[in-house]
Structure formats: structure tokens, C-alpha cells
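Here is the structure we will look at.
The values are calculated or read from the model by the stated rules, or taken from the named source; none is laboratory data. This one's a predicted model, so the numbers in the text were calculated from it and none came from an experiment. Backbone-built Cβ (ideal geometry, glycine too); neighbour counts: all protein chains shown.
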Amino acid sequence: MTRPSAADLDPDDLGFDHVPETDQSFENALAKARDGVRLTVDDAVELLTTGTDADGIGRERKELVLEAADRRRAETVGDGVTFVANLNNNVTTACNTGCLFCNFKDTAHQFEARHEGEHGGFTKTPAESREAVEAGLDRGIYEVTSVSGLHPAFALDDEHHEMLAGFDEPAREVNYKPPERYVVDPGTYVEQMEAMSVGGVHLHSMTPEEAYHARRGTDWSYEEVYAELREAGLDSAPGTAAEILVDEVRDVICPGKIDTAGWLEAMEGAVDAGLDVTSTMMYGHVENEMHRAIHLERLRDLQDRTGGITEFVPLSFVHERTPLFEHGVVSGGASDDEDELLIAVARLFLDNVENVQTSWVKYGDGKALKTLSCGANDFMGTILSEEITKRAGGQFGEFRSFDDYVEMVTSIGRTPVERSTDYRTTREIDPDEGGPFGPTLGPRADGTPLLTPEEREERAAGDSSAVADD
Ligand SMILES: C[S@@+](CC[C@H](N)C(=O)[O-])C[C@H]1O[C@@H](n2cnc3c(N)ncnc32)[C@H](O)[C@@H]1O
Ligand SMILES: Nc1c(NC[C@H](O)[C@H](O)[C@H](O)CO)[nH]c(=O)[nH]c1=O
Ligand SMILES: N[C@@H](Cc1ccc(O)cc1)C(=O)O
Ligand code: SF4
């Protein structure tokens, strides 16, 4: 496989047909947004740019957009700020897709038994995944989120293995190598789902790209694949791999990925199989405001067709250790203004998606709190472990406790609310009750803070010595 290289890209001429030019005025777009009229792509471009009639972001105009979005948020979902007690469990970093914004992946040949030399990646067996989820459940999680590299030894199930093994060696067209070649066998997708779906946890896994990998070389539909995964314990699917849903951008940043139509087809298949889905946009790299606006329209159309999207998650590009940055294709990520406007315009444009998430992982606590007053209402999850952003150079850590959440949310005068993955179950937390706060919605959650295993042991030791002293 010839992998795409960022070194071959000319940052001054990425050749985009879509440019942020419109016949709309900023004032008209703002008036429509305030009145709750459904916005067009041109409206969104005017709001994202604070007017294409002027260069750069206009301060006053920006504040007007943020205010309109904050008002819309209050009308739509009220003053609660939700978050979920969850764990990220990435199964493997082995991936040959070669996305130029990603430093999570390690090329898969390094995982082969015959490979000499070290690599910094990992693959977990189904048993190891289960162990991680069990430990999370003991700590009180409600949800496990699992997204992974497209390991060449992954297949949906045994039948899929047989089909993939039938392709002529070395089966490049289907990106397959048998598990025996690797030091660690990740098992099948079905085995991973069965392993992680334990003890009543909500399993949020299998992005459209992973679902594509789980049907490569077959004529199975996405619906069939997601139905089998659901049978194995999957509860909902993450809408990552969306990046920017405009092919001229995908051709630059992730030419090895499924295209826009493929992503939409996968999401529809997931909903048809009875799963909820989330939706994302990974922005702040080579794309412009017209691409962002078209992306939002594609998500809104998808939601009109399916009604299955529970939330929109803006993922601001973390640039530091990525091929796009290292080869000078981009000079950084989105500015604070762009982050705030993206959240605000998402709130105003996606009139059929209730929840807009902000990410302490991508923005840090300070900026994330600010975005809760420009349209966002959800503050993601505790996650306990983080690999994607960390490996790209992000520095905002891997865990937020319920105490952290309660303190942050109350500091901006809003109400902290624990939620389920699908937002159908929520619990307001009364800060006046005093901490320490912990989750109660997870199958084993009893209000105890999400302690680390070491903290738990210390507590247990402390408790027993207290008893002994009595
Ligand atoms: C790392 S992939 C893992 C799942 C699977 N391989 C896929 O691509 O769907 C999950 C998502 O992380 C996000 N991501 C990866 N690198 C990123 C970066 N440097 N900054 C922000 N988001 C990033 C992308 O949106 C990507 O779709
Ligand atoms: N925004 C980020 C998320 N969001 C996902 C949530 O944590 C949660 O799984 C979802 O809302 C479903 O309940 N996760 C990350 O790891 N990093 C982010 O930046
Ligand atoms: N894993 C993604 C975040 C994410 C996960 C699940 C979701 O449903 C949405 C977003 C990241 O860190 O970039
Ligand atoms: S974003 Fe996903 S598919 Fe792309 S290289 Fe990273 S892990 Fe692989």
C-alpha cells in the first residue's frame, strides 16, 4: 500500500472548489438565527466568519452570535450541564489508514511477530478489554467508549476471517493479515464487543470507519454488520471518522478513509440496526468555513432522515505531533474565536440535535467552560484514560472526577447533571450536599467517587484500620 504523505502537499494550493463566499449578509443571517428560522449553508458561513464582507473575526459580531447561541441553548435544554461517568478503552493502535491528522496509530507491520524493534503502541485481547471494563465498573462507570485502529487481523467474526483469508496473498486490497502473524491477537470485533459488554455497562463503540473494516471484502450491509455487533452487546456507535464531510477535504487529510457517502451510509445502517449514534466534526486544519457549514448541513440532513443522533461533538484539531503540522501543511489548529463560533453555529444550525458537547480534552477546562456559555450544554465524560489527543501532543490530561465537574459547573452558575449515554436518564447534583461526589447511574455506582485503584486500596486499608481501632 502506498501511504499518502503530507510531504507531497502544497499548503498554498490545496485546490479547493468550495470557498467561503456568499450572497448573504451577516445581519440577515443573525436575524434568522435569533428568530429560530432554519439556517442555510450561506447563513452558517456568514456567522462562522462574522461576515464575509470583512476580513478576520469581528469582536462585536462574534459576541452577538455567541449570545444568540447561548439563548438557544437555554431554550432548548435549560441550564443543566451534563456529563457521563465513562471509560475510554482503545483496543489497538495498529492502523494502516494513514490519516494525516492522526498520531494515535502505529503502522501495523510493527506488531507482527517477525518485526524486530520497539514500538510505542498496544493491542488488547478481548480478555484484557474485559478486565479494563470490569475495573471501570467497580469504579462506578456507566459507559465504556471504545475506538481503535484498523488492525489488519480484525474481522467481524469467524466467517469474515474465512472470507478475508480467501483473498490472494498478501490481500492488500482488503487490508488483511491473519492473526497468527501478530504478537497479540485482538480477536474478532464480535469477541471484543462480547468481552466489553459486561455487567450492564453501556457499550459505545464501532465508528463508521471501524464498521467499514468489519465488512471489507464482503457485500454485507452496514445495517447487517451493526445488527450483529448489537447482538454481541453494542449499545450505540460513535460518529467519529466524520472529520470534515466534504470529499475534497477528505482527499487531503484522510485519503485512505471511507468517503462522505460511505460515512453517512454507515451511520444510517447503525440507526437502522436500532442503535443511537453521536456526530462529530474534526476541524481547524486545512478546511475553511464553507466546508464546516456544508458538514453541518450533512449532519442536519442525516438527523432529519434518522432521528438517531444524540449529540454533536466538535473535535478541535490537536496539531502538535501530527504529519499535517510536522510537514508544514498547517501552522496550527483553530483559534479561540473559531472554537467558540463553531460551537455557537453548531447550536444554531443543528436545530434537530439537542445536545452540543464541549471537550476538556481538546480545549482545556477554561476554554471548555467558556463554550458552555456559547451554545454547548454537555461536558463529555470522565474518560479515565485518553490516548488520541495525548499522542497528538494535547496536554489537558486523561481524567476529570465528579468533584472537578461539580466545582467547574457551579463556578459558572449552572447545574451539574450526571447523565446516561443517551441522555434519557439524568440526575441533578446538589452542590450544597457537599462532596466528595461520585456517580450513581452506572450498574455498580453507589455515589463513591471514581477513585483510582490505588486510592481504593488506600481507602479500604484506611477503613479496615479504622474498624480495628474501634
Ligand atoms: C483516532 S480515530 C480511532 C477510531 C477509528 N480508527 C476511526 O478513525 O474512526 C477517532 C477520531 O479521533 C479524532 N482524532 C484523531 N487525531 C486527532 C487530532 N490530532 N486532533 C483531534 N482529533 C483527532 C478523529 O476525528 C478520528 O476520527
Ligand atoms: N469530546 C471527547 C470525547 N467525547 C465522548 C464522550 O466522552 C462520551 O463518550 C460520549 O458523549 C457518549 O456518552 N471523548 C474523548 O475521549 N475525547 C473528547 O475530546
Ligand atoms: N474518541 C474521540 C472522541 C469521541 C468519542 C466518542 C464520541 O461519541 C464522540 C467523540 C476523540 O478523542 O477524538
Ligand atoms: S484516525 Fe483512525 S483510521 Fe485514521 S489513522 Fe487514526 S486510527 Fe487510523
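What the table shows:
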{"item": "Filtered residue count, segment 216-246, keeping only those that are within 14 Å of ligand 1 (Cβ to nearest atom), touching a Leu at 6+ places or on another chain (Cβ under 7 Å) and basic (Lys, Arg)", "result": "0"}
{"item": "Residue check for Gly78: more than 16 Å from ligand 3 (Cβ to nearest atom) and either surrounded by fewer than 16 Cβ atoms within 10 Å (Cβ to Cβ) or aromatic (Phe, Trp, Tyr) (or both)", "result": "yes"}
{"item": "Residue in segment 280-295 that is of a type in the set (D, E, K, R), part of a strand (DSSP E or B) and crowded, with 22+ Cβ neighbours inside 10 Å present", "result": "no"}
{"item": "Matching option when the condition is out of contact with any Leu (no Cβ under 9 Å at 6 or more places or on another chain), farther than 30 Å from Ser331 by Cβ and within 16 Å of ligand 2 (Cβ to nearest atom), among Thr82, Thr123, Thr93", "result": "Thr82"}
{"item": "Residues of segment 13-26 satisfying the condition of being exposed (fewer than 15 other Cβ atoms within 10 Å of the Cβ) and within 21 Å of Asp247 (Cβ to Cβ)", "result": "Asp13, Gly15, Asp17, Val19, Glu21"}
{"item": "Cβ-Cβ under 7 Å pairs, at least 6 apart or on other chains, segment 298-323 side within 16 Å of ligand 1 (Cβ to nearest atom) and part of a loop (DSSP other than H, G, I, E, B), far side modelled with pLDDT under 95 and hydrophobic (A, V, I, L, M, F, W, C)", "result": "none"}
{"item": "Test: residue in segment 162-184 that is buried (at least 20 other Cβ atoms within 10 Å of the Cβ), outside any helix (DSSP H, G or I), more than 16 Å from ligand 2 (Cβ to nearest atom) and without any contact (Cβ under 8 Å) to a residue 40 or more places away in the chain", "result": "no"}
{"item": "Filter result for Asp378 (away from ligand 4 (no atom under 16 Å from the Cβ) and either within 30 Å of Asp12 (Cα to Cα) or surrounded by fewer than 21 Cβ atoms within 10 Å (Cβ to Cβ) (or both))", "result": "no"}
{"item": "Near pairs, Cβ below 9 angstrom, 6+ apart or cross-chain, from segment 133-152 (part of a helix (DSSP H, G or I)) to any residue that is within 13 Å of ligand 4 (Cβ to nearest atom) and of a type in the set (Ser, Thr, Tyr)", "result": "Val133/Ser146"}
